[in-house]
Structure formats: structure tokens, C-alpha cells
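The values are calculated or read from the model by the stated rules, or taken from the named source; none is laboratory data. What you see is a predicted model; the values in this text were computed from it and never measured. Cβ placement follows ideal geometry from the backbone for every residue including glycine, while neighbour counts extend to all protein chains displayed.
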Amino acid sequence: MSSFITRRRFLTGAATTLSTLLLSGCDRLSRTQWFPQLLSSAEALNHQAHNWITRDHALAKEFTEADISPVFPSNGTSNPKQPQYQALARNGFSDWRLEVGGLVQQPISLSLMDIRALPSRTQITRHDCVEGWSAIAKWKGAKLSALLERVRPLPVAKYVVFYCADQMDEAGHAYYESVALKDAFHPQTILAYEWNGVLLPIRYGAPIRLRLERQLGYKMAKYVMRIQLVESFESIAGGKGGFWEDRGYEWYAGI
Ligand SMILES: Nc1nc2c(c(=O)[nH]1)N[C@H]1C(S)=C(S)[C@@H](COP(=O)(O)O)O[C@H]1N2
Ligand SMILES: [Mo]
């Protein structure tokens with residue numbers, strides 16, 4: 001106990017000394033090799049904290065059980081044909097793993113069980129598709145913020161990219177989408193694994209699909225296989241940040 005307190009005092013003292021040094025902006029220190037490194041990691045921390053604190057928390061409207069639509073359309077891909085996906089589906093996705101990497105401190109690979117163990121959220125929301133239909137359903141899933149806190153985004157990371165299982169064109173591109181880190185930390189942004197109280201059906205994106213409640217349907221990637229944190233859209237297919245964006249749709253599809 002006493003060594004714990006001593007350690008805490010030491011750490012608090014060290015932090016105070018560091019901020020004093022930062023404030024005094026001592027010239028001699030900045031010429032050493034370790035000091036600029038320390039400074040940039042303090043800056044990095046600050047940038048990240050700022051990002052998370054200033055995130056916009058306005059919630060999309062939530063509905064009641066009575067509002068749930070009797071019919072919920074399946075749009076775009078409703079059953080990926082790829083043999084690899086079909087094999088995963090046959091095993092109830094027990095062999096499926098979500099790879100999370102890119103600009104993070106701790107890349108990880110998660111099973112569906114791991115994802116179900118993350119802090120979750122349940123929400124009854126309305127899905128709006130640009131094609132002109134809307135439907136209300138109940139979604140349960142892991143909070144994307146919880147997943148991101150596990151991998152710890154690097155300060156340079158700006159976007160979260162989702163790579164899916166369904167092949168969309170002859171060139172072999174599977175569906176892909178991206179969202180800003182700020183929107184990824186929104187409390188209603190979840191990796192859904194349940195729809196209206198049942199295991200997420202294939203037509204709605206099994207084993208997991210993104211729910212991003214303040215944007216249009218095409219942002220909500222189904223059949224997610226891989227998540228990458230990036231600094232720009234350059235590395236993503238056509239460079240506009242998403243499959244439909246590369247074909248002319250808006251990247252920020254706010255509703
Ligand atoms: N992988 C993948 N995700 C996708 C699509 C798709 O074709 N493939 N279509 C998008 C579009 S346009 C909409 S409206 C929604 C449809 O979701 P739903 O099938 O659950 O209604 O998924 C989006 N996510
Ligand atoms: Mo859509």
C-alpha cells in the first residue's frame with residue numbers, strides 16, 4: 001500500500017514537472033533528443049483526448065417496440081455468393097474473425113464471441129435508404145467506441161474503413177465504406193449482431209454490420225470482415241472513401 005502511494009506521488013510529481021517544463025519551453029531541453037520525443041507524445045495524447053471529448057453526441061431519434069416495421073427490406077447484397085463467406089456461414093460464423101488494424105497501437109483479431117463480450121447498446125431506429133424507403137428496427141451490437149479503445153487509434157488516424165465480404169464488381173472489389181473517427185465514437189455507432197431480438201440474419205449483414213444512425217443506409221456496411229484505421233482515402237479503391245462514393249454518392253451522408 002505504502003509503495004503504491006509513493007509511486008502515485010512520484011508519478012503525480014513527474015507529471016507536474018513535465019507540464020512545468022512544457023510551459024517554460026526551455027531551449028536547452030528542446031535540443032536534447034528525448035525531450036522533443038516526450039513533447040510529441042504529450043501532444044499526441046492531447047490531440048486524441050481532444051478528439052474524443054469534442055465528439056458530437058447528438059442522438060438520432062429512437063423509437064418504441066410498437067414502431068418496429070412489420071417488413072424490413074434487404075438492400076444491396078442479401079447473401080454474398082463468395083465461397084469463403086458461404087463456408088463461414090455454414091459454421092454459424094464460428095471461424096469468422098474480425099481483423100482490426102492500420103493506424104492503431106494494438107492491432108487485434110476478434111471472434112464473434114469476443115465482439116459479443118464488448119460493451120453493447122440496443123436501439124430502435126429508422127433506416128433511410130437513398131433509393132426512397134425507410135424502415136424501423138431494433139439493433140443490438142458492440143459499441144464501436146469500445147473496440148477502438150481496445151486498439152487505441154494513433155493520433156494521425158482520421159477514418160475508420162470497413163471491408164466487407166460481398167464482391168461488387170468484376171475487378172473483384174468487395175463492398176467498402178468509411179466513417180470519420182469522431183462519428184465512430186458516437187454512442188449509437190455499433191457493430192450490430194442482433195436484429196429485432198434475433199441473431200443478425202444474413203440478409204441484414206451477418207455476422208456483423210455497422211449501424212451509423214445519423215447517416216444514410218449505404219454507409220452501414222454489412223458482412224464486415226476487416227476494419228482499418230487510415231489517415232486519408234488514398235488507399236481505399238477509387239479514393240472517395242466508399243463503394244458508392246466512388247460512383248458519385250456523398251461521403252458524408254447525414255440525415
Ligand atoms: N456489404 C454491403 N453493405 C451494404 C450494402 C451492400 O450492398 N453490401 N448496401 C448498403 C445499402 S445501399 C443499404 S440501404 C443498406 C441496406 O441494409 P439492409 O439490407 O439491412 O436493409 O446496407 C448498406 N450496406
Ligand atoms: Mo441504400
Given (1) away from ligand 2 (no atom under 16 Å from the Cβ); (2) closer than 20 Å to ARG121 by Cα; (3) of a type in the set (A, V, I, L, M), where does LEU212 come up short, assuming only one miss?
(1)
In the stretch 214-243, the residues that are on the phi > 0 side of the Ramachandran plot, away from ligand 1 (no atom under 11 Å from the Cβ) and touching a residue at least 24 places away in the same chain (Cβ under 8 Å):
ALA237, GLY241
Hits in the stretch 95-131 (condition: within 16 Å of ligand 2 (Cβ to nearest atom) and either in contact with a Pro (Cβ under 8 Å, 6 or more places away or on another chain) or farther than 29 Å from PRO73 by Cα (or both))
CYS129
Is it the case that the stretch 222-231 has a residue that's buried (at least 23 other Cβ atoms within 10 Å of the Cβ), of a type in the set (A, V, I, L, M, F, W, C) and within 15 Å of ligand 2 (Cβ to nearest atom)?
no
Pairs with Cβ under 7 Å, 6+ apart, first in the stretch 186-204 and at positive phi, second part of a loop (DSSP other than H, G, I, E, B)
ASN196/ILE68
Can you list residue pairs whose Cβ atoms sit under 8 Å apart, with the first residue in the stretch 75-87 being within 8 Å of ligand 1 (Cβ to nearest atom) and the second being among the small types (Gly, Ala, Ser)? Count only pairs 6 or more apart in sequence or on different chains.
ASN75/GLY217; PRO80/ALA165
Of the residues SER145, SER134, which single one is away from ligand 2 (no atom under 16 Å from the Cβ) and among the hydroxyl-bearing types (Ser, Thr, Tyr)?
SER145
Is it true that ALA206 is buried (at least 23 other Cβ atoms within 10 Å of the Cβ) and touching a Cys at 6+ places or on another chain (Cβ under 6 Å)?
no
Enumerated strands (runs of 3 or more DSSP E) restricted to the stretch 79-193, each holding at least 3 residues that are surrounded by 14 or more Cβ atoms within 10 Å (Cβ to Cβ)
98-102, 120-128, 134-143, 159-167, 174-180
Scan the stretch 203-213 for residues that are farther than 19 Å from TYR159 by Cβ and near ligand 1 (Cβ under 10 Å from one of its atoms) and report the count.
3
Test for TYR218: is it part of a helix (DSSP H, G or I), at pLDDT 95 or above, crowded, with 18+ Cβ neighbours inside 10 Å and of a type outside the set (A, V, I, L, M):
yes
Looking for something modelled with pLDDT of 95 or more and closer than 16 Å to LYS219 by Cβ - is there at least one such residue anywhere in the stretch 141-153?
yes
